[in-house]
Structures are given as C-alpha cells and as structure tokens.
1. Which of rounded, prolate, oblate describes the range A:191-303, given a ≥ b ≥ c as roots of the alpha-carbon gyration tensor eigenvalues and a/c under 1.5 marking rounded, otherwise prolate only if a/b is larger than b/c?
2. Compute the long axis of helix A:68-78 from its Cα atoms, compare it with the longest principal axis of the Cα atoms of chain A, and write down the angle in degrees, 0 to 90, nearest 10.
3. When only DSSP loop residues count, what trypsin sites (Lys or Arg not before Pro) in the range A:197-306 have their Cβ near at most 14 other Cβ atoms within 10 Å?
4. Could you state the per residue volume, in Å³, of the convex hull enclosing the Cα atoms of chain A?
5. Taking a ≥ b ≥ c as the square roots of the eigenvalues of the Cα gyration tensor of chain B, is the shape rounded (a/c under 1.5), prolate (a/b larger than b/c) or oblate?
6. Can you tell me the Rg and the Dmax, both Å, for the Cα atoms in the protein assembly as shown?
7. Treating the angle as unsigned and between 0 and 90°, give the value, to the nearest 10°, between the Cα long axis of helix B:37-51 and the longest Cα principal axis of chain B.
8. Other chains' Cβ within 10 Å of B:234-246 residues: what's the mean?
Amino acid sequence: MAVLLLAEVSGGALALDATAKAVTAGKALGDVTVLVAGPSAAGDEAAKIDGVSKVLVADDALYANGLAEPVSDLIVSLAGDYEHIIAPSTASAKNILPRVAALLDVMVLSDVTAIVDGATFERPIYAGNAIQTVKSSDAKKVLTVRTSTFDAAGEGGSAAVDTVAAAADPALSSHVEDKVAASDRPELTSAGIIVSGGRGLGSEENFALIEGLADKLNAAVGASRAAVDSGYAPNDLQVGQTGKVVAPDLYIAVGISGAIQHLAGMKDSKIIVAINKDEEAPIFQVADYGLVADLFDAIPELTEKL
Amino acid sequence: MKVLVPVKRVIDYNVKVRVKADGSGVDLANVKMSMNPFDEIAVEEAIRLKEAGKADEIVVVSVGVKQAQETLRTALAMGADRAILVVAADDVHQDIEPLAVAKILKGVIDAEDAGLVIAGKQAIDNDMNATGQMLAALTGWGQATFASEVEIDGDAAKVTREVDGGLQTISVKLPAIITADLRLNEPRYASLPNIMKAKKKPLEEKTAADYGVDTTPRLEVVKTTEPASRTAGEMVESVDALIAKLKEKGAI
C-alpha cells in the first residue's frame, strides 16, 4: 500500500524533525513517498530519511509560501496512486490536509496519535481528555499525525528523487509577508527540555527570567495561553490544545496554573516540574516534582545554581 | 456583503468531560453546553465588520440537534441578524462530521449568496480543525485559516494568520473562508435588552435533506477511552532539593 507524505518545508528548508516523525508513522501504513512542495535541496535532504522509498519534488514559486490552495491542488493531482495521504500535524499541514480531504470527498483525521491498522486510528478529542479510536470507511485516508507521539526516523536512506510538474495556479490567495521570530534556541516541538512561563510572570519584561533559565539549560521556551494573551510571549510559543503539543524529556512549568487546555499540550512530557506559589494549582497534580515558591525567588536561584 | 458564520453547540469549555464507562463516548447528558469559543470569536468579528460598514447582514448557521437553537439565540443576542438551524441529529451524542457539515454549509452559501464565511478554527469537542478548510474546498474559494487579524480591502481580505514560526499575512480573494484563532478579538457579552430582542429575530429551521446532503459518518467510532493518566509526584522543599532530584533522574 502506498503512502504520500507531505514534507514540512519552512523558510525554504526541510523541517527535518517533523517530517522524519511523520515518516515513522507513514512506514506503519506502507511504502512512503515524500512530496516536497519546495526547493530541490529540501528534496535531497528528505531522501536521506530512513524508510523513505521515493521523493517527489515540486519546485515552483507557486509553493514558496505554503499557500493552501495551490499545495492542495498539487497533492490532489498526485493522489491517484496512493491510499494514504499523511503529514505531520503542523500549522501548515492543518491548513492544507482538510482541504485535500474535501477535494477527494473523504474525511480528514487530524492529530492522529496511534495507528491501529491501515484504516483505524487513535486521536485525542476534548483537549486530550478522551482518546477516540476511529475506523475510516473512505477509500483514501487523509491524516495528520501528532509529532510528539512518534519518534523521528533516522538518517541513512538514499531514496530516488523525481521532479513533478506544478499544478495550475488557482490564484485565490497571495502571500503578503511573514513575521517569523528568529531565535537561536531549540525549536519547541523537537526540544529535549522546555521551560514554559505563565500568567505568574506578570509582564513581558519578567518573561526574560524564563528565557534566562532556558538558555542555561539549552532549552526551548514555551508559554501558556494566559501568558500569550497577556502579551508576555508571542503566539508561536503557546503550548496547549490550540497551540503546540510537546513531549520533551523535561518540561518546567513556571507560574502556570495548569488549565486543562494547557495540560493537553504537555502532559506526555517525560518529567514535569511545576513551580508555582499557589499550592492548590492543578499543575501540581500532573507534576513529577512540585515546588511551591515565589518564582521571582526560585527562578533566579535555579538559573544561578544550574 | 452578506457574512455567514457557522456556530457549534459544544460542551462548555469549563466543564470537565467524563468518558462513559462502556467506551461509547463522552457523557453529554445534563452537561452545560455553550457556543464553541472559537465560533464566538467568529461571530464577534462578523459584527465588527458590520459595525465598520464592511458587511450588511450576518447570518448564523448551526448544524446539529434542535437544542442548538439556544446557541443561535446567543449569536443573535450578540448582534447577528438572523439564524438558520439545520437539524441533522436527534441525539446530543451524535456529532455530524466536518465533511457533512461543510456540504450543508455549501448548500446554505448557495441559497444565501454569501460573500464571506467566518468560522471558528476548530470545535473544542472533536478538535478536528477541518470544517472551514473543507468548506473552502467545496466552494472552490480561497481560505485564510487561524486568523488573528482581518482587514477587508475591496474585493480581497488581508488576513494575518498564526503559524508555527510566528505570523503570516496573506491576501485572499473574496468570496472566501476565514477561520478565527484565539487572538482575533475578545467577544462581547450580550446585554439583557439584546437577549430579549434576539428572541424576536428570525430563526429558520431546515434539515440536511433540504440541502441534499447525506450525513452518514465516514468514520466509525470504535471506542472512546480515558487517556493514560498521570499521577502527582512529590513536592520538594527547595530549589536545591529540586536540582538534586533532577540530577538523580539524569534530567539535567
């Protein structure tokens, strides 16, 4: 059975970690062909992922910004040969794959966390408060897989790379600009350690405490919805039901009370540390180690002593 | 321009969901239900467009059980002009899949000649994040999902979207589908006089068959289970004790 996997391309380069994690899921379904709607260098890199049997590259200006309409048309133009169409659950794929599914008149399966068989999948519902097992009766299965639950496939592959022609330009939308924060820190969804800050920080200036601790640990920085809504941190750092879902080896939650929507985004982390001055905070119910303390004392001390 | 806003009746976001012991689903009987929070944001955005003179009429649509009337009344009380309820289920536990909802909404769009759809980006019950994108596919319109800022400019909408690395701004030709993210706006509360007035606003009832849509699910729910639970660990007394524990575990 053949699987078409949409590679994650970000800023003109292959997002290796997200793509390699989706490859692991794809391998469980069949023979994986990776589609790179982007530069051929990204295709060459995808060919090195272990378990990829073929790479298709559509290198055209039409796909430079990942607009949903042209990329969906491209996937649909290739879909005939494949039983599964899959992508990592990134903001980009979540924009594209439901459109692909509707064009093929099939349902989409979002945020799949486990593959039971070729038609049966597990996915979280209600912010992860329930896990649903669903069986698709559609001829083609279109799914996004949650990267935090699949290990990245290794390197060492040497798949053949073919180019494919661009599909017609639907000319429905155009790119204006990207505002992407440049950061030297590890990426949130692939980091081994994450330090996350919440409302308890109190201001954007104080959020620097989180960044200081993160830099000491070579960790990524996350934030709760409350911190993002209050303007302490940018939206792309949000961890939770509607933000990013992460599962690092170590998650340090600072000044985060632990709303269910936040817990949905981090409760699969291996070790969770909570630092909060409110001993009743729900975050302590999922934490392996809890410290009831004023973060303005504890975080500088922790940063200094590490 | 007529703006269509689909709204969904879902379990209130403050309610702790309970998975039924027999694995058949989540218990929704006698649970507080509300409008999906993302849909509230979509309704608010439509009202703001109307207040700014960019929209003439706001039609809210819900697909589901009869009780979704209450959800539509809430949207009318916020400021929508009229409502369409497409009754497609008689059991509150029966969720209509995004593909079927999108097909029904396509029928409503054709009948209403809407120029813009603003939807919530996802419903907090099935967390599928799909209806807006699917509707865009079926209508052949452009889409601007996960919007945090919307500006109508002639025959296009300039939309800033929340994406993985930060923000992306695109321009999408109208008619189009926009889906609302959390930070698009802060929805208003309906005032008491407006709640009273909303009772008199038109609410039309339809069925899925009126739009020729088969709502038979494509996905069979095999079972619904509780997630693996985490238990609380231990409390430590000091930063030093915390560091010692993490070192012991090899975490740092």
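1. rounded
2. Result, in degrees: 40.
3. Values: sites: A:R199, A:K216, A:R225, A:K244, A:K267, A:K270, A:K277, A:K305; in loops: A:K267, A:K270, A:K277.
Answer in residue order: A:K270.
4. Working: hull volume 39.8 nm³, N = 306.
Once divided by residue count, the hull of chain A is 130 Å³.
5. In terms of gyration-tensor shape, prolate.
6. 23.1, 68
7. 40 degrees
8. Across B:234-246, the average partner-chain Cβ count within 10 Å equals 6.
Each value in this text was obtained by applying a stated rule to the coordinates, not by laboratory testing. What you see is a predicted model, and the numbers here were worked out from it, not measured in a lab. FYI the Cβ positions are ideal-geometry reconstructions off the backbone, even for glycines, and counts take in every protein chain you see.
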